[in-house]
1. Would you pick out the residues in region 33-92 that are closer than 22 Å to residue 115 by Cα, free of Cβ contacts under 8 Å to residues at least 60 places away in the same chain, part of a loop (DSSP other than H, G, I, E, B) and in contact with a helix residue (DSSP H, G or I) (Cβ under 8 Å, 6 or more places away or on another chain)?
2. Can we say residue 105 is farther than 28 Å from residue 136 by Cβ, part of a loop (DSSP other than H, G, I, E, B) and within 17 Å of the chain's Cα centre (by Cα)?
3. Looking at region 8-27, which of its residues are part of a strand (DSSP E or B) and touching a residue at least 60 places away in the same chain (Cβ under 8 Å)?
4. For residue 104, indicate whether it is exposed (fewer than 12 other Cβ atoms within 10 Å of the Cβ) and modelled with pLDDT of 95 or more.
5. Specify the residue that is surrounded by the most Cβ atoms within 10 Å (Cβ to Cβ); the eligible residues are those in region 1-17 that are over 19 Å from residue 88 (Cα atoms) and touching a helix residue (DSSP H, G or I) at 6+ places or on another chain (Cβ under 8 Å).
6. Does residue 20 count as surrounded by 14 or more Cβ atoms within 10 Å (Cβ to Cβ) and either out of contact with any helix residue (DSSP H, G or I) (no Cβ under 7 Å at 6 or more places or on another chain) or within 20 Å of residue 127 (Cβ to Cβ) (or both)?
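The values are calculated or read from the model by the stated rules, or taken from the named source; none is laboratory data. None of the values given here were measured: they were computed from a predicted structure. Neighbour counts run over all protein chains shown; Cβ positions are idealised from the backbone, glycine included.
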């Protein structure tokens, strides 16, 4: 369930993709590249290590671009069993990107259920491009 045009980055073990519902600006899904329908407990040591490195790099990217106040992480697998982790930036105040205002309507509470997305497909593709550009500049 990864839309190829939303892929931001790949590591040896994880694929980063922009989550289609951007009710939380910069929300990314990290998907284990090997088939695994279990849970995080089924990860190998190298997969765990790569996940941690990915989270550190992703947080640095999102902080640089959007200055979130906090990060939430969720691994459920109820809709899609492949092991994946949702990285959800959280914002105490509204953020603006590309003349669009993003408000974290659930700040101070669980991110789920998620509100409707603040952007459509065209803006989603632009956001992917902006995030990829920032990743490339970061090295």
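1. 68, 75
2. Values: farther than 28 Å from residue 136 by Cβ: yes; part of a loop (DSSP other than H, G, I, E, B): yes; within 17 Å of the chain's Cα centre (by Cα): no.
When the stated conditions are applied, residue 105 does not pass them.
3. Matches in region 8-27: 8, 9, 18.
4. Answer is no for this residue.
5. 13
6. yes
Conditions tested, residue by residue: (1) under 23 Å from residue 137 (Cβ atoms); (2) surrounded by 18 or more Cβ atoms within 10 Å (Cβ to Cβ); (3) in contact with a strand residue (DSSP E or B) (Cβ under 7 Å, 6 or more places away or on another chain); (4) modelled with pLDDT under 95.
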{"residue": "46", "(1), (2), (3), (4)": "no, no, no, no"}
{"residue": "50", "(1), (2), (3), (4)": "yes, yes, yes, no"}
{"residue": "53", "(1), (2), (3), (4)": "yes, no, no, no"}
{"residue": "73", "(1), (2), (3), (4)": "no, no, yes, no"}
{"residue": "80", "(1), (2), (3), (4)": "no, no, no, yes"}
{"residue": "90", "(1), (2), (3), (4)": "no, yes, yes, no"}
